[in-house]
Structure formats: C-alpha cells, structure tokens
Amino acid sequence: MRVLVTGGAGFIGSALARRLLRDGHDVAIVDNLSTGRRENLPRGARFVEADLADPAALAAMPPDPFDAVAHLAAQSSGAIGQVDPYADMRVNVGATLLLAQWCRKQGVPRFVFTSSMTVYGHGNREPVDETSPVLPISYYGAAKLAAETYLRLAASEGLNVTSFRLYNVYGRGQNLGNLYQGMASIYLAYLLKRMPVPVTGRLDRYRDFVHVDDVVAVLMDALIRPSTPSAVYNIGTGHKTTVREILELLISALELPPSHPIEEQAGSPSDVFGSVANAHRAKAELGWLPRVALNDGVADMVTWAKTLA
C-alpha cells in the first residue's frame, strides 16, 4: 500500500510512518518542520518539505498514485490557537480542505484525519460519545470541527473519510521542547530539569490519556480498510486521570521527591476542565481497544526521555 503521511516529522505522524514502513508499506511524508523535527523522519520514507496551507505547495506533492492519505499535520496547541486564531484556522482548516481537494483530483480513495476531543467543549455527560453536542470553546477546537465538516462534504463527493477525535496522546517521541502542547510532555520537560512545574488551572482537572501506540494501531487499521462503518470515532481509554495524578506518576517514575514543587497558575477560559472518552463505537465497529496501561506508558516515556538528557 502507498500511503502519504502529512505531519510525518511530528510525534504521532512519525510513529505511524515507522509502523507503516515496518509492515512493508511504501511511505511518503509531507511536513513543513514548523514543530516536527527532521530527525524524526524514519529511514525509508520519502520526504517533501512543504506547507500544505499554501495552495502552491500542492504542486510539490509526490505524484505517486497513493492508496491512502493520513492527515496528521496540524497546529496542535490550544494555547497558540487562542493567541493567533487566523493562523490556527489556516493550518487546521485551510490545509485540510486543500489536501482533500487534491485527493479528489488525484483519485486517492482513502483519507484518515486526526481530529480532537476539543470539538466537544464542555457540558456534556461523561464519558462523551460521538453523538454528544459539539460546542468547542477554543479556536483550536472550532478549527478541528470545521475541518471535520469540510471532510464530510468531501465524503459526499466520493472521498472515503474517517476522522478520529483523539484525547490526550502521550508517549515516547513526544516533543519535550514544545511547552505549548502535550500535558504529560510539558510536565516531564520541567521535571527532567528538576524545575518547578507550572500548572495552569486546578490540580483536580482531569484528562483521558491514551498512548501513542494505541493511536497508531487504530490509524493503521483504518488505513487498510476501504472505509469504516462510521465517519467519526473517539479514541481514548475511558479512564479519568487528574492533573495531580499524572504529575504524581511522572514524579515517581523519575524518582523525585513527592514534594517536588508545583506552581499552580490561573487557568484559561478556553481550556476544558475535564474530558473522558466513550470509545465504545471504535471497539464495536473496529475492534479497537487501548492496550497500554497509563503506569506502563508513563514509565516507558520517562525511560526514553532520560536517554535524551
């Protein structure tokens, strides 16, 4: 199978590209390296450096007859989206629309998209399933929902689209230098330097942490299918983990004193207090289940991170 992975120099994209190559597929990667890193590019994948939000960049796309596109390229920081919502919209909506149109013109039959749990906003009964109201409270969430909507229209024109609303993805390979995205990786970056950890919002806020290997597994499954029964799936574990609990796990894995300093700071009105997935649809229709326990995933992430110090 010939697969184009956008954002393949990033955290999830590079993990997916490595798995595709390992399984014998032909992989091309497009990334603008704004947050992705060249050293993440797996050996054996062809690489094009391009900004997919620029219509002219489509001319640089590999001319291959691809069997599928995995669209993971994104501006993935909610905080940055609040500061510059136009740039967020350009990357997360504009690039998605242009890429979907390119796929239609090139005859690419399959399109897999990574959306976000931020499309739900707050106020839904938890755990949240795919039929819950989508009322994002951040520009980032609004952009992801808009991208889903454009892809729904592309699907009505013949493109087989599946969107995955990812919860808090973590694991080895996450960018520890990006202090604007990835709760576990941000905290880990401070802890590795033995610095006080700044926490925006209350310690009893909670998230649903899903390991990158489990995310890659469902993306792989979707890519090899001609289509999926539903257009949208939640990808999370269904388990609630508070900010305090993830900090305790990281501190323990690093063998730091339990009293390591935490600096609570004012939260943002665009930040959801809590989110937990109901991923029963993915289980029932795709046979997907999260396999990596949080304790094991955090321990593995910390072991990897120590090798970078």
Given Cα pairs under 8 Å that are at least 6 residues apart, what percent is the relative contact order of the range 211-279?
-> 48 percent
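Need the full-extension length gain, Asp129 to Ile224, defined as separation in residues times 0.36 nm minus the C-alpha distance. One decimal, nm.
Details: separation 95, 0.36 × 95 = 34.20 nm, distance 2.45 nm.
Contour length minus the Cα-Cα distance gives 31.7 nm.
Below 8 Å between Cα atoms, with a sequence gap of 6+, how large is the relative contact order for the chain in percent? List each step's numbers first, then the result.
Working: 624 pairs, mean separation 55.3, N = 309.
The value is 18 percent.
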Solvent-accessible area per residue for the range 206-247 at a 1.4 Å probe radius, Å²?
-> 33 Å²
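With a 1.4 Å probe and every protein chain left in place, work out the accessible area per residue of the range 249-309 in Å², rounded to a whole number. Let's see the in-between values first.
Details: 3500 Å² over 61 residues.
Solvent-accessible surface per residue comes out at 57 Å².
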For a quick protection proxy, order the peptides 35-44, 239-248 by their average other-Cβ count within 10 Å, most packed first.
-> 239-248, 35-44
Considering Cα pairs under 8 angstrom that are at least six residues apart, work out the relative contact order of the range 105-188 and quote it in whole percent.
-> 33 percent
On a 0 to 90° scale, report how tilted helix 243-253 is relative to the longest principal axis of the chain, with both axes built from alpha carbons and the result rounded to the nearest 10.
-> 80 degrees
Degrees separating the helix 183-192 axis from the principal Cα axis of the chain, which is the longest one = 50 degrees
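Would you mind counting up the charge near Pro257? Only other residues with Cβ under 12 Å from its Cβ, with Lys and Arg at +1 and Asp and Glu at -1.
Working: positive: Arg194; negative: Glu248, Glu255.
Counting the neighbours of Pro257, the net charge comes to -1.
What accessible area per residue comes out for the range 50-169, rounded to a whole number of Å², with a 1.4 Å probe? Display every interim value, and only then the final one.
Numbers: 5020 Å² over 120 residues.
Accessible area per residue, the range 50-169: 42 Å².
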Cα-based reach from Lys283 at 30 Å (exclusive), listing lysines while leaving out same-chain residues under 8 positions away = Lys144, Lys240
For the chain, which whole-number percentage of the solvent-accessible area (1.4 Å probe, protein heavy atoms only) is attributable to carbon and sulfur atoms?
-> 52 percent
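Taking the Cβ of Asp54 as the centre, find all other residues whose Cβ is under 15 Å away and add up their charges (Lys, Arg: +1; Asp, Glu: -1).
Values: positive: Arg90; negative: Asp31, Glu49, Asp51.
Summing Lys/Arg as +1 and Asp/Glu as -1 gives -2.
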Report, to the nearest 10°, how far helix 11-22 tilts away from the longest principal axis of the Cα atoms in the chain, using its own Cα long axis and a range of 0 to 90°.
-> 60 degrees
Between Asp26 and Val83, what is the spin-label point distance in nm, taking each point 7 Å from the Cα along the Cα→C-beta axis?
-> 4.1 nm
What nm value, rounded to one decimal, do you get for the distance between Arg2 and Ala231 when each label is placed 7 Å out toward the C-beta?
-> 2.8 nm
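May I ask you to derive the FRET efficiency for Leu153 and Glu285 from their Cβ-Cβ distance with R0 = 25 Å, giving the value to the nearest 0.05? It would help to have the intermediate numbers written out before the result.
Working: r = 22 Å, r/R0 = 0.90.
E between Leu153 and Glu285, to the nearest 0.05, is 0.65.
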Quote to one decimal, in nm, the extra length available between Glu49 and Ser268 on full extension: 0.36 nm per residue of separation minus the C-alpha distance between them.
-> 75.4 nm
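Using DSSP, restrict attention to beta bridges with both residues in the chain and report what percent are antiparallel, rounded to the nearest 5. List each step's numbers first, then the result.
Numbers: 2 of 38 bridges.
Expressed as a percentage, antiparallel bridges in the chain total about 5.
May I ask you to order 58-64, 110-116 by the average number of other C-beta atoms within 10 Å around their residues, highest value first? Intermediate results must be reported in sequence, preceding the final value.
Numbers: 58-64: 12.9, 110-116: 25.4.
Most protected by this proxy first, the peptides run 110-116, 58-64.
The values are calculated or read from the model by the stated rules, or taken from the named source; none is laboratory data. Bear in mind the structure is a predicted one, so any value in this text is a computation, not a measurement. Because the Cβ atoms are built from the backbone with ideal geometry, glycine has one as well, and the counts that use them run over all protein chains shown. To get the accessible areas, we keep the full protein, side chains included, count just its heavy atoms, and leave off ligands, DNA and RNA. Shrake-Rupley method; radii C 1.70, N 1.55, O 1.52, S 1.80 Å.
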